[in-house]
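Heads up: the structure comes next, in structure tokens.
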Amino acid sequence: MDRAKGLGAGASGLPAGLAAPHVSPDDNVLSRITRAGVQATLQRAQTLLHSGTDWGLTGVLEHNVGGKRRRPPNPNGSDSSALASPAQIAAAGLPLGTPALWHAQAGWIRPHQLVAAQLQTPGVQVLWGQGVHSLERIGAEWTVRDAKGQPLGQAPWVVVASAFDSLGLLQPLPGFAVPLNPLRGQISFGHTTDLSAHERRLLPPFPVNGHGSFISGVPTPEGTPGWFIGSTFERQCEQAPVRLEDHEANRLRLSTLLPALGEAMTAQFDPARVQGWAGVRCTLPNRLPAVGHIDPERLPGLCLSAGMGARGISLSVLCGELLAADLNHDPLPLPPELSRHVRAERYANPA
Ligand SMILES: Cc1cc2nc3c(=O)[nH]c(=O)nc-3n(C[C@H](O)[C@H](O)[C@H](O)COP(=O)(O)OP(=O)(O)OC[C@H]3O[C@@H](n4cnc5c(N)ncnc54)[C@H](O)[C@@H]3O)c2cc1C
């Protein structure tokens with residue numbers, strides 16, 4: 001059930017984003033979970049999406065902006081993230097010697113296409129325009145109701161996956177304590193055909209990440225090839241208007257990430273020219289999502305899949321698989337020492 005009339009009403013309406021691993025000097029939990037998530041997403045994309053129009057396994061260059069202390073988690077070369085080669089750094093238009101990593105198992109995805117393709121799975125039925133207002137456990141089943149108190153459905157299991165809006169729905173229930181937060185973000189984008197020949201020559205042939213991210217050659221919502229730079233971060237904002245000042249923030253972001261391109265593209269950020277898209281991410285304090293049973297004792301059968309933060313493309317497929325494995329008592333797609341870090345149950349208060 002989704003209260004929207006169709007696909008992409010939430011953050012997954014993002015025109016284009018990256019599936020790329022997180023790296024840390026000690027290969028921490030977030031890095032290991034994100035790597036597993038990216039792998040799950042890329043496999044799903046390979047099976048369901050059209051390469052070149054819906055997604056691209058291009059590899060991603062990570063410009064180590066500001067020399068933050070980062071290195072490949074596995075410098076012996078058995079990992080898919082390595083130091084970027086001089087040729088890759090040059091292809092991005094960055095000066096030789098720029099600190100950068102190359103993620104081979106990474107690329108861009110249009111989340112709208114990924115969601116649409118997954119909803120075609122046999123057995124999935126979507127009820128659009130069904131805003132859930134409350135949840136109540138009656139006997140062994142949950143009843144979900146609309147704003148007028150009318151029942152919309154009943155089931156022994158319910159999975160709430162409505163991002164930050166999950167909070168309003170779940171907060172009235174006894175013991176619910178998952179600290180979901182809103183984090184608004186905006187990307188700026190435009191059509192590649194509107195760029196000058198000089199600007200087009202400077203476009204990197206793969207996405208560049210590191211201080212926000214830049215993607216080009218990916219279809220815009222209108223279908224023509226575009227460029228995209230994002231994203232801004234605005235805490236405690238539950239609305240998603242497009243703001244002029246965020247275009248300026250994204251222009252500055254591009255100037256830091258890819259200085260030559262940023263300088264050349266200054267005029268593209270003219271308010272009369274640039275386009276924007278904004279959405280509200282749902283975050284949790286440790287940047288890991290909350291998946292599965294919320295509190296099996298007090299809220300049996302009630303599950304969550306939310307808190308994807310700025311990494312929903314990299315995490316949501318893995319979260320879906322974790323949830324399905326859990327509910328079906330199948331082997332988990334993550335080792336227990338990692339899966340415990342994403343369990344919604346980690347926030348359950350003792351009864
Ligand atoms: C500017 C920006 C850039 C981003 N870039 C990247 C990126 O490069 N890489 C990456 O991995 N991630 C990125 N993200 C994050 C990613 O988009 C999100 O993590 C992901 O889309 C979240 O998916 P979701 O399904 O949890 O939530 P959403 O896509 O927000 O979906 C929530 C759904 O719940 C529905 N809903 C809400 N309340 C109710 C209700 N009461 N009843 C019924 N339905 C309801 C809504 O209509 C909506 O369809 C970005 C996000 C933003 C905003």
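Just so it is clear, none of the values below were taken in a lab; they were calculated from the coordinates. Computed from a predicted model, the values in this text were never measured in an experiment. Using ideal geometry, Cβ is built from the backbone for each residue, glycine included, and neighbour counts are taken over all protein chains shown.
Scanning the stretch 148-167 for residues that are in contact (Cβ under 8 Å) with a residue 24 or more places away in the chain and either part of a loop (DSSP other than H, G, I, E, B) or among the aromatic types (Phe, Trp, Tyr) (or both) yields PRO156, TRP157, ALA161, SER162, PHE164. For the stretch 243-292, the set of residues classified as touching a Pro at 6+ places or on another chain (Cβ under 6 Å) and of a type in the set (Val, Ile, Thr) consists of VAL280 only. Has the stretch 233-242 got at least one residue that is on the phi > 0 side of the Ramachandran plot and in a loop (DSSP other than H, G, I, E, B)? There is at least one residue in the stretch 233-242 that is on the phi > 0 side of the Ramachandran plot and in a loop (DSSP other than H, G, I, E, B). Identify the residue in the stretch 130-143 that is under 23 Å from CYS319 (Cα atoms) and in a strand (DSSP E or B) and, among all such residues, is farthest from the ligand (Cβ to nearest atom). The qualifying residue farthest from the ligand (Cβ to nearest atom) is TRP142. Within the stretch 11-55, if we keep just the residues that are part of a loop (DSSP other than H, G, I, E, B) and within 11 Å of the chain's Cα centre (by Cα), the residue that is surrounded by the fewest Cβ atoms within 10 Å (Cβ to Cβ) turns out to be LEU14.
Residues of the stretch 1-15 that are near the ligand (Cβ under 8 Å from one of its atoms) and either of a type outside the set (Ser, Thr, Tyr) or in contact with a Gly (Cβ under 6 Å, 6 or more places away or on another chain) (or both): MET1, ASP2, ARG3, ALA4, LEU7, GLY8, ALA9, GLY10, ALA11, GLY13, LEU14. For beta carbons closer than 6 Å, sequence separation of 6+ or different chains, a first residue in the stretch 170-198 that is farther than 22 Å from ALA240 by Cβ and a second that is surrounded by fewer than 17 Cβ atoms within 10 Å (Cβ to Cβ), the qualifying pairs are PRO174/ARG298; GLY175/ARG298; GLY175/ASN349; ALA177/ASN349; HIS191/THR224; THR192/PRO225.
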